[in-house]
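Below is one structure, written out as structure tokens; the observations come after it.
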Amino acid sequence: MKSYIIDGGKKLEGESYVSGSKNASLPIIAACILSGGVTKLYNVPDIHDTKMMLEILKNLGCKIKRNSGKIIIDSKKIKKYEIPEHLMRQMRSSVIIAGALIGRLKKATFSYPGGCDIGARPIDLHIKAFKEMGVNVEEEAGKILCNVDEIKPTKIQLDFPSVGATENIMLASVFSKGETIIGNAAMEPEIVDLQNFLNRMGAKVTGAGTNEIKIEGVYKLKDVSYKIMPDRIEAGTLLCAAAITGGSIKLKNVIPEHISPVISKLQDAGCNIQVYEHLIYLVAPKKLKAVDIKTMPYPGFPTDMQSIITTTLCQAKGTSIIIENIFENRFKYTSELNRMGAKITIEGKTAIVKGGKKMVGTIVEASDLRGGAALILAGLSAKGRTKVKNVEYILRGYEHLENKLQSLGAKITLEEGE
Ligand code: EPZ
């Protein structure tokens, strides 16, 4: 496994840019299965998870050409409708391919994606929605077999605004003969990007970004090109990297309103932030102030930024209360922070952070993507050297992260092996 070696204590200062969004790329790559033609995608981040998604499409029969952020996907010949189990297990978000296969081929076979370090990650809402759409769902030897003659246009009321379930319903209903309505739909910007992509191909989807989405079935989709939106979580991560080190950053290729809850909390913590159309300037204060955080579905504070803002608040004067309302096990990284001298106590879904004391570098282990990113920020602000192990988790979701941090003055290098 690879590690990052970080010599902390340096203020991060300068310019950086945000790559394409991982969580917009994955459903849009899956949606290419619906096209039955050739799709060109731009600004796709070159990270493990997009590579995995493309691997699955290739396994199903698509022809893929990749040249850094530009990808050409030819889905004329989809020969298979089974998502390989070992790929499902490696990346649970591949469950959204099921919706695309059901939309295109009226059948899909896949396995339970399995939990990960942040929670059980069930897919009951996906399965319930497929059944309400008339899909026959059976389980056989750990596999889920779906088939349907015709998708039944209907209204699906989600018990929880699940991002993945919303995306799966959108993909499965694109070719239905009528209107499908999603109530209590997820409102994340990635859902809007998926709607924009589908409509560019000729689908008729409206309402993304609100809690009610309507999909009017169409007969065929056309070949298109599409540019993926910037990654709002990477944007928040880079802003917090400047904030935690007492530095400043000019962040380009960002959509500020996608991270307004993060901007507002960093301002409450004392950061001076100027926002322009695709640009954010942040200057950190000498000492950050404690703030309270509650993670919520969009447009609330994003759960994917919870570990990153919590780590930042370890440097703030005073006590911050962070409540994680989305995933049941998303505080694991705090035990690693406490080994660096942080003072975080966990009570159920609440983390109490007694901030202000500088952390001290040591050897820490990443166990999930955003928790791992948080450990990097801890290393950047700590005294001395930090070794963050298992960085493969982090490479899943951040493109060229160490290069971006180095260009801001960070002393961080990637070390192969144990
Ligand atoms: C997406 O995951 C993101 N992943 C996650 O980002 C993000 O944390 C999450 O949305 C919430 O914003 C991608 O887009 C690839 P959910 P998803 O379905 O779709 C429960 C990252 O770090 N739930 O909105 O899996 C679930 O257990 C990743 O980039 C059910 O109970 O999230 C969780 O508690 C991590 N049953 C909550 O809903 C279901 O059928 C939110 O899950 C589905 C979900």
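Apart from one condition, Ser111 fits all of (1) under 20 Å from Leu194 (Cβ atoms); (2) within 16 Å of the ligand (Cβ to nearest atom); the exception is (1).
Note on region 399-418: residues that are touching a Gly at 6+ places or on another chain (Cβ under 9 Å) and within 16 Å of the ligand (Cβ to nearest atom) total 1. Scanning region 11-50 for residues that are out of contact with any strand residue (DSSP E or B) (no Cβ under 6 Å at 6 or more places or on another chain) and open to solvent by 10 Å² or more (accessible area, probe 1.4 Å) yields a total of 7.
Yes or no: Glu212 away from the ligand (no atom under 16 Å from the Cβ) and either crowded, with 18+ Cβ neighbours inside 10 Å or not hydrophobic (A, V, I, L, M, F, W, C) (or both)?
Working: away from the ligand (no atom under 16 Å from the Cβ): yes; either crowded, with 18+ Cβ neighbours inside 10 Å or not hydrophobic (A, V, I, L, M, F, W, C) (or both): yes.
Criteria met by Glu212.
Residue count for region 204-237 under the criterion of being closer than 18 Å to Leu26 by Cβ, touching a residue at least 60 places away in the same chain (Cβ under 8 Å) and not β-branched (Val, Ile, Thr): the result is 8. Filtered by the rule that a residue be open to solvent by 70 Å² or more (accessible area, probe 1.4 Å), within 16 Å of the ligand (Cβ to nearest atom) and closer than 17 Å to Ile376 by Cβ, region 325-345 gives a lone residue, Lys332.
Residue under question is Ile412, and the condition is that it be among the aliphatic types (A, V, I, L, M), within 17 Å of Lys2 (Cα to Cα) and in contact (Cβ under 8 Å) with a residue 40 or more places away in the chain; does it hold? Answer is yes for this residue. Considering region 75-97, and only residues there that are within 16 Å of the ligand (Cβ to nearest atom) and among the small types (Gly, Ala, Ser), the residue that is most open to solvent (accessible area, probe 1.4 Å) turns out to be Ser93. Does Gly318 meet the test of being within 30 Å of Gly14 (Cα to Cα), outside any loop (DSSP other than H, G, I, E, B) and out of contact with any helix residue (DSSP H, G or I) (no Cβ under 8 Å at 6 or more places or on another chain)? In short, yes. Identify, please: which residue in region 264-286 is closer than 26 Å to Thr350 by Cβ and surrounded by fewer than 16 Cβ atoms within 10 Å (Cβ to Cβ) and is, among those, nearest to the ligand (Cβ to nearest atom)? The selected residue is Ser264.
Identify, please: which residue in region 241-251 is part of a loop (DSSP other than H, G, I, E, B) and open to solvent by 10 Å² or more (accessible area, probe 1.4 Å) and is, among those, farthest from Thr311 (Cα to Cα)? Per the criteria, the residue is Gly246.
Of all residues in region 309-324, those that are in the same structural domain as Ala269 (by TED's automatic domain parsing) and of a type in the set (A, V, I, L, M) have Cβ atoms under 8 Å from Cβ atoms of residues that are modelled with pLDDT under 95 and not in a helix (DSSP H, G or I), 6 or more apart or on another chain, in Ala316/Gly356.
Within region 105-197, considering only strands (runs of 3 or more DSSP E) that don't extend past its boundaries, which have at least 3 residues that are open to solvent by less than 60 Å² (accessible area, probe 1.4 Å)?
Working: elements: 107-111, 136-140, 143-147, 155-157, 179-183.
Of the strands (runs of 3 or more DSSP E) lying wholly inside region 105-197, those with at least 3 residues that are open to solvent by less than 60 Å² (accessible area, probe 1.4 Å) span 107-111, 143-147, 179-183.
When residues in region 346-373 are screened for being within 16 Å of the ligand (Cβ to nearest atom) and under 21 Å from Arg396 (Cα atoms), 8 of them pass.
For region 113-136, which positions are within 11 Å of Ile156 (Cα to Cα) and of a type in the set (A, V, I, L, M)?
Kept after step one, since they are within 11 Å of Ile156 (Cα to Cα), are these residues of region 113-136: 125-126, 128-133.
Once the filter is applied, which keeps residues that are within 11 Å of Ile156 (Cα to Cα) and of a type in the set (A, V, I, L, M), region 113-136 yields Leu125, Ala129, Met133.
Which residue out of Ala172, Ala185 is under 22 Å from the mean Cα position of the chain (by Cα), within 16 Å of the ligand (Cβ to nearest atom) and either over 26 Å from Pro299 (Cα atoms) or touching a residue at least 60 places away in the same chain (Cβ under 8 Å) (or both)? Spell out the reasoning first.
Working: Ala185 fails: either over 26 Å from Pro299 (Cα atoms) or touching a residue at least 60 places away in the same chain (Cβ under 8 Å) (or both).
None of the other options fit; the residue is Ala172.
Among the criteria (1) under 23 Å from the mean Cα position of the chain (by Cα); (2) more than 27 Å from Ile191 (Cα to Cα); (3) away from the ligand (no atom under 16 Å from the Cβ); (4) open to solvent by 20 Å² or more (accessible area, probe 1.4 Å), the one Lys289 does not fulfil is (1). Restricting Val254, Val275, Val262 to residues that are in contact with a helix residue (DSSP H, G or I) (Cβ under 8 Å, 6 or more places away or on another chain) and part of a strand (DSSP E or B) narrows the list to Val275.
Residues in region 292-324 that are open to solvent by 10 Å² or more (accessible area, probe 1.4 Å) and either farther than 17 Å from Ser260 by Cβ or away from the ligand (no atom under 12 Å from the Cβ) (or both): Asp292, Lys294, Gln315, Lys317, Gly318, Thr319, Ile321, Ile323. In the set (1) within 15 Å of the ligand (Cβ to nearest atom); (2) modelled with pLDDT of 95 or more; (3) touching a strand residue (DSSP E or B) at 6+ places or on another chain (Cβ under 6 Å), the condition left unmet by Thr386 is number (1).
Against the test of being open to solvent by 20 Å² or more (accessible area, probe 1.4 Å) and more than 30 Å from Leu105 (Cβ to Cβ), the options Pro261, Pro230, Pro256 yield a single qualifying residue, Pro261.
The values are calculated or read from the model by the stated rules, or taken from the named source; none is laboratory data. Just so we're clear, the structure is a prediction, and the values are computed from it rather than from any experiment. Here Cβ is always computed from backbone atoms with ideal geometry, including for glycine, and neighbour counts include all displayed protein chains. Surface areas here come from the heavy atoms of the whole protein model, side chains and all, with no ligands, DNA or RNA. Shrake-Rupley method; radii C 1.70, N 1.55, O 1.52, S 1.80 Å.
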